[in-house]
Ligand code: UDP
Ligand code: MG
């Protein structure tokens with residue numbers, strides 16, 4: 001996976017609230033091409049590994065509970081400057097601080113249940129994409 005790709009998860013609250021269609025429409029209308037996509041559910045060890053960098057933070061147990069509470073949509077997306085442009089599209093971690101029109105501004109309820117994940121670097125985009133998809137599932 002090259003540096004024009006990023007990785008996203010539509011988190012359990014987005015699936016539960018039936019916001020998958022609206023959020024994917026916003027993503028594709030913003031110029032991202034879907035390279036790979038699936039409905040799946042994280043195990044506790046998946047979530048603990050995915051968010052290992054936050055393992056010492058007070059919100060970690062709640063984060064793992066939330067991310068394993070139901071299915072997610074995992075996807076690899078492609079666009080020039082994908083990582084940075086996608087972080088701009090999703091908005092700040094806390095939806096109360098997310099800019100008008102961003103996905104978290106429109107669809108997130110709280111700093112913990114914040115609708116969507118976006119990779120924070122090209123390196124993490126590669127690792128996170130490879131965690132969920134094999135080469136033959138990438139188009
Ligand atoms: N999170 C939380 N409380 C916080 C900060 C983060 O529950 O005070 C959760 C939230 O779901 C967030 C995830 O942990 O998306 C990862 O945090 P990070 O700081 O990496 O935010 P992101 O990169 O998702 O914007
Ligand atoms: Mg992050």
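Values quoted throughout were computed directly from the atomic coordinates according to the rules given, and no laboratory measurement underlies them. A quick note: this is a predicted structure, and the numbers were derived from the prediction, not measured. Heads up, the Cβs are rebuilt from the backbone with ideal geometry, glycines too, and the neighbour counts pull from every protein chain shown.
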**Q.** Taking only Cα atoms of region 28-70, radius of gyration then Dmax in Å
**A.** 13.6, 37
Q) So what is the relative contact order for the chain, in percent, with contacts set as C-alpha pairs under 8 Å and at least six apart? A) 38 percent
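If you take the beta carbon distance between residue 16 and residue 111 as r and set R0 to 22 Å, what does 1/(1 + (r/R0)^6) give as a FRET efficiency, to the nearest 0.05?
For residue 16 and residue 111, the calculated efficiency is 0.80.
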Q | For region 81-139, Kirkwood radius (reciprocal of mean inverse C-alpha pair distance, Å) | A | 12.3 Å
Q.
With only alpha-carbon atoms in the gyration tensor, what are the semi-axes of the equivalent ellipsoid for region 4-96, in Å, largest first?
A. 23, 15, 13
Q. Between residue 49 and residue 88, how many nm apart are label points set 7 Å from Cα along the C-beta direction?
A. 3.3 nm
Q. Tell me, what are the semi-axes, in whole angstrom and largest first, of the equivalent ellipsoid of region 8-47 as set by the roots of 5 times the Cα gyration tensor eigenvalues?
A. 21, 13, 7
Q: Largest first and to the nearest Å, give the Cα extent of region 47-113 along each principal axis.
A: 32, 26, 23
Q: Using only Cα atoms, locate the centre of region 15-34 and the centre of region 92-115, then give the distance between them in Å, rounded to an integer.
A: 15 Å
